[in-house]
1. Against the longest alpha carbon principal axis of the chain, how many degrees, from 0 to 90 and to the nearest 10, is the axis of helix 116-130 turned?
2. Distance in nm between label sites at Glu196 and Ser44, each 7 Å beyond Cα in the beta-carbon direction?
3. What length, rounded to one decimal in nm, is gained on full extension from Ser114 through to Leu62, with 0.36 nm per residue of separation minus their alpha-carbon distance?
4. Which order results if Leu155, Leu80 are arranged by neighbouring Cβ count within 10 Å, fewest first?
5. Using only Cα atoms, find the angle between the long axis of helix 32-44 and the longest principal axis of the chain, and express it within 0 to 90 degrees, rounded to the nearest 10.
6. So, counting K/R as plus one and D/E as minus one, what does the shell of residues with Cβ under 9 Å around Ile183 add up to?
7. By how many nm would the segment from Leu204 to Glu23 lengthen if fully extended, with 0.36 nm per residue of separation less the alpha-carbon distance?
8. Could you tally up the Lys pairs in region 18-88 with alpha carbons closer than 18 Å? Skip any pair fewer than 8 positions apart unless they're on separate chains.
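What follows draws every value from the coordinates through simple rules; no lab data is involved. Given the structure is predicted, the values throughout are model-derived calculations rather than measurements. Every residue, glycine as well, gets a Cβ built from its backbone with ideal geometry; the counts of neighbours run over all protein chains shown.
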Amino acid sequence: MINKILIIASFFLAVSLNGKAQEIGFKPVNNSTEFKNKINLLTSNTQTIQSDFVQEKHLSFLSENIISKGKFIFKAPNQLRWEYSEPFVYIIVFNNKNIYIKDDGKVSTFDTQSNKMFSEINYMMIGTIQGSLFNDSERFTVKYFESDKHYLLELEPKMAEMKSMLKSIKIFIDKTDNSVSSIKMIETSDDYTSIEFVKRKLNLPVENEKFNIQK
């Protein structure tokens, strides 16, 4: 179980491809204050997200990338469900201050307040999906870019402890529906993880029961 948790954690505790490089097709935003206010407004209007996802993990010692697939549900302000269906069946739920892991029919519970690692994972996952991490000026320096179809938020950590794990996080927001469409990260070893959200459905009703896997 711990290995699977670390696989998920590694996605959020990874670093972006050459943090200083600019994505092709993107240009810096001229008025960052105006842009930040706009993104804040867009993300605050997103109350629920339901989506399929495709996760790709590249490891230098493997000849082929590892592809994982599943379903994803988010409900504001802090409920999140990742359900992996390929290559293994596995569910992780972030529900307020707790993390629930269902593996082989068994459910384990972790209190994020008493575990610093899980607290950080919870913070990173919720903030990344909401696109709200850029508001944390104490932890991140943020650069803003845009293309014809996407906004790009590039976050570089300030805190020494986080810098040892992260170089940057890139969050792509689709201009058509103002939701996070993909996240791109690369580790210090140049291994990388990318995740794409497909078939996204926004602001449809989501029952709280979706975040209860203890039964």
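1. It is inclined by approximately 60 degrees.
2. 3.3
3. Gain on stretching Ser114 to Leu62: 15.1 nm.
4. Sorted ascending by nearby Cβ count, the order is Leu80, Leu155.
5. The angle comes out near 30 degrees.
6. Result for the neighbourhood of Ile183: +1.
7. That works out to 62.0 nm of additional length.
8. Qualifying lysine pairs in region 18-88: 4.
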